[in-house]
Every structure is written in structure tokens, then in C-alpha cells.
Amino acid sequence: MSSITLNLNITSLNVQRRLRESTSALYLNYSRLSSGLRINRASDDAAGLAIATSLNVDARVFNQGVRNVNDAIGLLNVAEGALKELNSLSIRQLELASQSANGVLGVEQRRALQQESDQLTEEFNRIVSTVEFNGRKLLDASFGELRVQAGYGESGSVAFSLNDQFQRNIANLTNTTDQILSPGGNNGVTAYGDFDNDGDTDLVSGDSSGGQVFVFTNDGSGNFSNGVSIGVGSNISDIQAVDINGDSKLDLVLGDGSDRTISVMLGNGDGTFGPRDVYQAPGANVFRLELGDVDGDGALDVVFGRENATSFGVLLGEGDGSFGSVTYQEAGGGPQGIALGDVNNDGHLDAITSNIIDDTIGISLGNGDGTFANQTSLSTGGGSLPLGVALADFDRDGNLDIVNSFFSGLGRGEVRLGNGDGTFGTALTLNTLGNDITTLATDVTGDGYLDVAFGGGNGLTVYAGNGDGTFSLITSSAGTAVSSEIVDLSGDGAADLVNAFGGAIVVTISEPDQTSNAAFVNLLSQGDARVAVDAIKETIERINLELGSIGATQSRLATTANVLRVSRENLLAAASQIEDIDVASESARLVRGQILQQAGAALLAQANSSAEIARGLLDF
């Protein structure tokens, strides 16, 4: 009988085990169906869990990448909107410049146009300096490169920059590279222009002792060829490069410091020149030359200073490269330096001379027919020896101002603001290194305000104009140059420097800084307005190029976001194949498990009752 009881107990244990197995399987079915996951803990599928987890991590990283890319697109949208407004400002400014270039307007009308133009420039620069995204300036030169994280590591990022097309170059005369040209002789004067019609600014120098002109051609980056020597048989005191005969080829006009002649060499357009046509200028040595239409016939004329004389010379042009006879105009003693401009706003060119013997600045108002009124003078102080002189509108009032230097070693230059009627205010003194032969009025800093530079035997001094007739010192460097010029030789839009040291010419190429600010333009004269039209058109072109660059980047980032979205979807789908349950299969397992659990419970109950029945039979 004990064997019967033992068998019944074993049967009960087997039934219990089966019931536990079916109950455990049923528990797993409930867990999977309630969570929707095939893997709810590592023991369900360790390898599958590892793979699915990695896929889900990648999906989350890519999802964040989509958000990162969308943030970058938002940044670009802000920059695009600002640039479109800048474009609108520039187009309006272009309209003003075109209006000012119309010859029917006078100074007063142009001043009104100038005021609006200046306000537009100020608003342009305000927008450039204030537009930002999350505290980062978008349009100024400091933006640099932005890297958008769209995945893992550097290879999973997208880099782009702003303002590559929008920025422009400005000079940095403290960061330079030099090229030394050695033509020989005593090359103290230079001139510039595209003599070989290749689009680059070339250089010519004149020998004041050996009767030679040297032509240096530019490769476009500020590197010059070995100079080609042209024998002219005279000692060059000044040299100017202009188109005398209207054939769109630059010609050379030479002044002779000892032979007392003016000569013309017509350009061939390939860097070579024809023979000299010589015009006699007897009585005193020719010193500095200026060219302009002083008789109103549309042809360029030559006005030149004379050493140790009491008059300056005039050589009227015929428009075909030839000239008439020299005439002379009364001036103070030693009118060596000379500048041409309309200082009394009557439409005729006037002559301003630096009278080195009288220590005066002479003002000769033009009559419009090649003659000039009797000269009036401004005293520069006894023993000052004024030499270099230039005309420019430094305070932007539409009236030409005078700037001059001194050869006496006084260590100063002077600026006199014009009143628009041929008279000038008191002199503003600017400290220099002394012995200043060259006086330049040009925009060195690229802000649209005219600056001044003084160069000579003691070095170069450059002052930045503030646009109101005041100046701030930029740089002052010692040297022994005979003359200095500031001109863009490398074609990058930034001013470069040329110092002539007699036997050597040092070309100093500025390594430019960059700015996104717009330069102020001058609309106060018809000629300046025409120049402003080209400058504003260049600004609009830079804006449009930058908008194109932004659009290309936006398209790239949109594609990147789409790829990330598709990749994320595929990663989630792959993880789902591993993690998620097959509902139909799992439901069938649930029904099967429920049946097994119910059957097991019934069998366990029956097995337990069978043991009781067996024990009852044993009691009989």
C-alpha cells in the first residue's frame, strides 16, 4: 500500500511542476502583452537586448541631431532676414547715389541726399552689430565657423560659416609683407595703373637723375616683375598715369626737374609706351604735376608747380594726346606743390599751390577758360617750407578742404576746412615725424571717411579721418623714404603702401582685416556720387552672394535633417523587430497557457483527492 501512496505523491508533484511551468509561461505572456515588448529583462534575450538598446541609443542621438539641425536652420533664417533688410537699405542708397549723380542738382540738394544716405549707412551698421542668435553675433566678422552636431563625432557634424561673401577687406598697415624693387638710379616718384590691361594695378617709377622710367607689372597679388627700363633722356621730377587721348589705354605724363619740360608717352595697352612728345616749359624747373580740365573743353590739361619761380604753369590739352603752348599764372614764391579742385563751388577747377619760398598756401580761382584769378594766400608761418598739398572733403559738407605738409622738419601737417567760397578756416595741426614731402588724402581705414598721410625723409604718419574734420592717429613709423603712396596693389580691396627710397622701392602689402560694416559714401558731388554708385552696387552684390551661400547651407541642413529622420525611423524599426512582441503569436501562447494552467489545476486537485481516497480504502 505504501507504494501506491508513493506513486500518488509523485504524480501530485509532477502535476504541481507542470502547473508551475504553465503559470510561469502565462506570467511571461501577461508581461509581454501588457508591455508590448518581447524583452522585458535581460534574461528574456540578452543578445537581443544589447542590440536593441544600441539601436535605440542611436535613434535618440539622431533625434537630437534633428533638433540641432533645426536650431541651425533657425539661426540661418534670422541671418537671412537681416540680410534682406540690408539689401533693401542698400537699394535705397543706390537710388540716392544715382539721383545725386544727376548733373541738375546743386550742393544743397545733394546735402539732403547725403543726410539720408548717412542714416541708411548707420542703420546698416547697427543691424550688422546687433543681429544675434542665442547671444552669438551673426553678421559681424567675429562669427567664424559653426559646427552643427548631427550625429556622432566630428564626422557626424556639419560645419558652415557666415559672412565669407558678406565681409570686405580693410587695410592693416601693421601686418604686412614687403617686396623690394631695385630699379637703380634715384626713383623718388611713382604712378599706378593697369598699363598692360590685365586687370591688375601696375607701377611705374621715374628716375630723377638718370633719365629712366621703370615699368613694373603686377601679377594680381602685389608681386611685381623686374622693371622694364625706358630711356627718356631727362630727370623725372613727377609722373602721372592718365588716359590723355581717350583710347582707354593709360598714358604717362612726365615732368622734368632740370630740362624744364613736360613730356607725354602714349600707352600701347600692353605695358609699353610710344615715343615722348616734349613740350618746353622754360624759366624754372618743373616740380609737381596735376591733371584736370581747367578750360572746360572736356580734355585733360596739365597744371604744374615750378621750383624757385613766382608762377605755376598751364598746358592745355587737345584731347588727342597733344597739347598747346605753356602759359604761366601768377603765384607766390616757389609754388612747388599743386592740387586742383573746385574750392568755391562755381563749377571751375581752381589751383592750390604750396609756396615753399613764401611759406604760404596759394589759392588761384579758376575762370573756366584755362586762366586763373590773382592768387590769394594763407600763411603757414615763417620758415615752415610747405611742400605737399592735397584737396579733399574731410568734414563731408560738400566743400573741399586743404591738407599740406612741410619740408622744414617742423614735425607737423595742417588741415584747413573750406567754406565753399574759396576761403578756409584756421589750420588744424597734426603732428608728424617731420620733413614730409608727400601729402596724401585717401581712405586708408575703409570706413568711407577720408584719412591723411604724411611721408618723407623721417617716416610715414597716418591719421584716420572721423568724417567731421577731426582726425585720430593710426600709425607713425620712422624711415627715410623720398615719397610714399597708399594704393591697393594686391586687389583685395585693402590699401597697400609704397615707399620710394631713391635707389629702391619698397612695396608693402597689407595683410587685411575684415569687416561686415558698410563704408560711408560721399554724394556731395557728381563725381563722388558716380563712385558711390559702384561702391553700393558692390555692397549689394556681396549681400546677394551671402544670401546665396545661406540658401545653399539651408538646403544642405534640410537634407541632413531628412536623412536623420529616415535613419531614426529605420533604427526604431530595427529595434522594434527585436524588442516588440508578435501579438498574434503571443495571444495564442496565452490561450494555450491558460488551458494548460486550468488543466494542471484540475489534475492537481484530482491527484490530491486520489490520495485521500486511497487512504480511506486503507482504513477498511
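The relative contact order of the stretch 230-354 comes to 18 percent, based on Cα pairs under 8 Å that sit 6 or more residues apart.
Could you give the length gained by full extension between VAL57 and GLN526, i.e. 0.36 nm per residue of separation minus their alpha carbon distance, to one decimal place?
Fully extending the segment from VAL57 to GLN526 adds 162.1 nm.
In the context of the full protein assembly, TYR192 retains an accessible surface of approximately 40 Å², using a probe radius of 1.4 Å and ignoring ligands and nucleic acids. Once the C-beta distance of TYR152 and GLN115 is scaled by a Förster radius of 56 Å, the resulting FRET efficiency is 0.50 to the nearest 0.05.
At a threshold of 8 angstrom on Cα-Cα distance, excluding pairs fewer than six apart, so keeping six or more, what relative contact order does the stretch 370-435 reach in percent? Could you put the intermediate results ahead of the total?
Numbers: 119 pairs, mean separation 15.9, N = 66.
So the answer I get is 24 percent.
Its DSSP H runs of at least 4 residues, each contributing -39,500 (n - 2.57), put the calculated 222 nm mean residue ellipticity of the chain at -12000 deg cm²/dmol, to the nearest 500. Figure note: GLU145, GLU132, GLU414 ranked by solvent-accessible area, largest first, 1.4 Å probe, ligands and nucleic acids not counted: GLU145, GLU132, GLU414. Using the Karplus relation 6.51 cos²θ - 1.76 cosθ + 1.60 with θ = phi - 60°, the per-residue 3J(HN,Hα) values for the stretch 187-198 come to 8, x, 10, 9, 9, 9, x, 8, 7, 10, 6, 9 Hz, with x marking Gly and Pro. Ranked from largest, the principal axis spans of the Cα set of the stretch 327-390 equal 34, 22, 16 Å.
Across the stretch 405-416, rounded Karplus estimates of 3J(HN,Hα) from the backbone phi angles (6.51 cos²θ - 1.76 cosθ + 1.60, θ = phi - 60°) give 10, 10, 8, 7, x, 5, x, 7, x, 9, 10, 10 Hz, Gly and Pro being marked x. Of all lysines in the structure, those lying under 30 Å Cα to Cα from LYS84, and not within fewer than 8 positions of it along the same chain, are LYS137, LYS537. Solvent-accessible area assigned to carbon and sulfur over the stretch 497-537 amounts to 48 percent, based on a 1.4 Å probe. Placing a label point 7 Å from the Cα of ALA558 along the Cα-to-Cβ direction, the residues of the stretch 60-95 whose backbone N falls under 19 Å of that point are 66-84. The phi-based Karplus calculation (6.51 cos²θ - 1.76 cosθ + 1.60; θ = phi - 60°) puts the 3J(HN,Hα) values of the stretch 148-165 at 9, 7, 10, x, 9, x, 5, 5, x, 10, 10, 9, 8, 10, 10, 6, 4, 8 Hz, whole numbers, x for Gly and Pro. Per-residue surface analysis assigns ASP297 an accessible area of about 90 Å², computed on protein heavy atoms at 1.4 Å probe radius. For the stretch 115-183, with all protein chains in place and a probe radius of 1.4 Å, 43% of the accessible heavy-atom surface sits on carbon or sulfur.
Accessible surface for the chain, divided over its residues, is 43 Å² per residue with a 1.4 Å probe. With contacts taken as Cα pairs under 8 Å and at least 6 residues apart, the chain reaches a relative contact order of 18 percent.
Its convex hull of Cα atoms gives the chain a direction-averaged projected area, equal to a quarter of the hull surface, of 41.8 nm².
The values are calculated or read from the model by the stated rules, or taken from the named source; none is laboratory data. No experiment lies behind these values; they were computed from the predicted model shown. Because the Cβ atoms are built from the backbone with ideal geometry, glycine has one as well, and the counts that use them run over all protein chains shown. These area figures cover heavy atoms from the full protein model, side chains too; ligands, DNA and RNA do not enter into them. Shrake-Rupley method; radii C 1.70, N 1.55, O 1.52, S 1.80 Å.
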